[in-house]
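Beneath this line is the structure, given in structure tokens, with notes to follow.
Nothing in this text is a laboratory measurement; each read-out follows from the coordinates by a stated rule. Remember, it's a predicted structure, so these values are computed and weren't measured experimentally. We place every Cβ from the backbone using ideal geometry, glycine too, and count neighbours over all the protein chains shown.
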Amino acid sequence: MSAKIISGKDIARTIRDELNEQVAELASEGLVPGLATVLAGDDPASRLYVGMKNRAAAEAGIHSRQVTLSASTTEVELLGVIAELNADPAIHGILVQLPLPRRIDESRVLLAIDPDKDVDGFHPINVGRLATGDLDVLAPCTPRGVIEMLLRSGVDPSGKHVVVVGRSNIVGKPMALLLLRRAHGGNATVSVAHSRTADLGALTRTADVLIVAVGWPNTITRDMVKPGVTVIDVGTNRVDDPTCERGYRVVGDVDFEGVSEVAGAITPVPGGVGPMTIAMLLANTVEAAIRLRAAGR
Ligand code: GUN
């Protein structure tokens with residue numbers, strides 16, 4: 001069997017076209033959504049991601065502002081930038097790119113972001129709202145993108161056994177919480193596996209939908225999936241490949257070649273979840289702008 005390819009790139013394009021229209025309508029009412037990204041340090045991957053996020057925002061008609069701080073920036077300086085952005089009425093969404101330089105306390109930084117401008121959904125207030133089933137919460141972009149991808153490709157998680165592999169705060173945990181919600185896109189039976197799961201294959205073979213976010217290539221091989229399963233690969237890993245001009249190629253966490261012969265549907269890497277994360281960041285920024293306006297801020 002050859003799996004259907006779920007193109008995040010195509011779905012993200014559709015969502016971004018929808019957002020373009022919504023942003024144009026808001027602009028005609030005098031509301032221009034604003035996104036601020038904060039990059040601290042010189043990690044090349046983070047720089048690339050932040051650049052992509054700002055370009056996507058500009059393309060959607062969202063006002064975008066990038067604050068770049070050196071690798072030697074202090075926590076006090078970073079907290080000062082966040083305080084300014086919290087108070088800036090032209091900014092509705094604030095994203096601090098992770099990981100931060102090791103000296104900086106990530107949880108203190110995330111706590112400093114105004115929860116109503118927290119378009120990453122990483123503030124403990126928003127994590128708590130998500131966990132308690134608040135449907136109006138700003139939810140983390142990557143897991144929100146995965147739900148959109150499933151729904152828009154005709155896979156409703158309701159009643160299905162969804163196995164999430166990975167327990168990070170950015171993907172695995174919020175993914176499980178979104179899938180558990182009593183809402184469209186939720187109502188799944190959810191298992192979360194991680195590095196200490198005793199027999200990963202035994203669990204993943206029971207999945208109707210398998211979502212993998214561990215950051216390690218070939219974590220899931222064809223013997224670990226049930227025929228017909230829907231596989232969402234969140235991983236982005238660089239592997240050495242001298243035949244590529246850049247000397248490396250980007251692969252996911254799933255052995256795409258092998259698993260796509262067994263699965264019913266699968267996301268590619270690149271062109272899968274990555275573009276959805278950016279589309280959802282734009283969607284969250286627009287949502288935040290609308291809610292802040294409604295709150296008179
Ligand atoms: N680093 C990796 N993924 C993300 C993300 O979704 N948001 C932020 N802020 N940093 C990240």
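Across the stretch 69-218, C-alpha contacts under 8 Å between residues 6 or more apart give a mean separation that, scaled by the residue count, equals a relative contact order of 18 percent. Note on the chain: antiparallel DSSP beta bridges, both residues inside, total approximately 10 percent of the bridges counted. A protection proxy built from the mean count of other Cβ atoms within 10 Å ranks the segments 218-229, 254-265, most packed first, as 254-265, 218-229. Placing +1 on the Cβ of every Lys and Arg and -1 on the Cβ of every Asp and Glu, with nothing else charged, gives the chain a dipole about its Cα centre of roughly 420 debye. A helix-only calculation puts the chain at -12000 deg cm²/dmol for mean residue ellipticity at 222 nm, using -39500 (n - 2.57) for each DSSP H run of at least four residues, averaged over all residues.
In a simple Cβ point-charge model (Lys, Arg +1; Asp, Glu -1; nothing else charged), the stretch 1-151 has a dipole of about 560 debye relative to its Cα centre. Each of Leu292, Val234, Pro268 was placed along the dipole of the stretch 220-297 (beta-carbon charges, centred on the mean Cα), and the one lying farthest toward the positive end is Leu292. Highest-first packing order for the peptide set 38-51, 84-97 is 84-97, 38-51, based on the mean count of other beta carbon atoms within 10 Å. The dipole here belongs to the stretch 101-185: it is taken about the Cα centre, uses +1 on the Cβ of Lys and Arg and -1 on the Cβ of Asp and Glu, and is about 320 debye. Here the relative contact order of the chain, from alpha carbon pairs under 8 Å that lie six or more residues apart, stands at 22 percent. Lysine pair count for the chain with Cα-Cα distance under 26 Å and sequence separation of 8 or more or different chains is 12.
For the pair the stretch 77-137 and the stretch 204-282, the centres of their Cα atoms are 29 angstrom apart. Working from Cα pairs under 8 Å separated by at least six residues, relative contact order for the stretch 5-127 is 26 percent.
Report note on the peptides 182-191, 270-279, 243-252, 120-129: ranked by the mean count of other C-beta atoms within 10 Å, highest first, their order is 270-279, 120-129, 182-191, 243-252.
Using the empirical formula 2.2 N^0.38 Å as the baseline, the Cα radius of gyration of the chain reaches a ratio of 1.00. Of all the options Pro217, Pro99, Pro157, the one that moves most in a Gaussian network model of the chain with Cα springs shorter than 10 angstrom is Pro99.
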